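The values are calculated or read from the model by the stated rules, or taken from the named source; none is laboratory data. Remember, it's a predicted structure, so these values are computed and weren't measured experimentally. All Cβ positions, even for glycine, are placed from backbone atoms using ideal geometry, and neighbour counts span all protein chains on display. Each accessible area value is taken on the protein alone, full model and side chains, heavy atoms only, with ligands, DNA and RNA left out. Shrake-Rupley method; radii C 1.70, N 1.55, O 1.52, S 1.80 Å.
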Amino acid sequence: VQLQASGGGLVQPGGSLRLSCEASKRLELFVVMEWHRQAPGKMRELVATSIRGGFPKYADSVKGRFTISRGSTTMFLQMDKLKPEDTAVYYCNARETYYGDLYWGQGTLVTVSS
């Protein structure tokens, strides 16, 4: 399984970006897909989770501002009302089963700055 993340860039505070995570398989095959992020000097943290057939989950820090969604082969992270503290490298991952292999995409850098 290959995952390709894209869509990062430089945006002003209050702005929006949409990240994409394109998979080499149809997303219906993945029971769980997630977005994580890692800010400079910090641990990687979970941002949003998409569970097949379930409701999305979000970190408290992004609730009401970020939205995770799935297309046929691409997962998205719509990020609105961005803050400087959202600056990080964003990574996507996916599992086909709850106890199966975890696949990671490469990161895409998001910088929120005026």
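Taking all protein chains together and rolling a 1.4 Å probe, PHE76 ends up with roughly 40 Å² accessible. Sites count as exposed loop sites when they are trypsin sites (Lys or Arg not before Pro), lie in a DSSP loop, and have at most 16 other Cβ atoms within 10 angstrom; the longest stretch of the chain without one is 82-114. Of the residues THR87, THR73, THR49, which exhibits the maximal mean-square fluctuation in a Gaussian network model of the chain defined by a 10 Å Cα contact cut-off? It is THR73. If you take every residue apart from LEU27 with its C-beta less than 9 Å away from the C-beta of LEU27, what net charge results, scoring Lys and Arg +1 and Asp and Glu -1? Local charge sum for LEU27: +3.
Other residues whose C-beta falls under 15 angstrom from the C-beta of ASP86 contribute a net charge of +4, scoring Lys and Arg +1 and Asp and Glu -1.
Entry comment: accessible area of the chain is 55 Å² per residue, from protein heavy atoms only and a probe of 1.4 Å.
Taking K and R as +1 and D and E as -1, what net charge do the other residues with C-beta under 15 Å from the C-beta of SER16 add up to? So the environment of SER16 carries a net charge of +2. When DSSP beta bridges are restricted to pairs lying wholly in the chain, around 90% turn out antiparallel. Could you identify which residue out of LEU17, LEU77, LEU29 has the top mean-square fluctuation in a GNM of the chain using Cα springs shorter than 10 Å? Comparing LEU17, LEU77, LEU29 in the GNM, the peak value goes to LEU29. Counting only protein heavy atoms and a probe of 1.4 Å, the accessible surface of region 46-114 is 54% carbon and sulfur.
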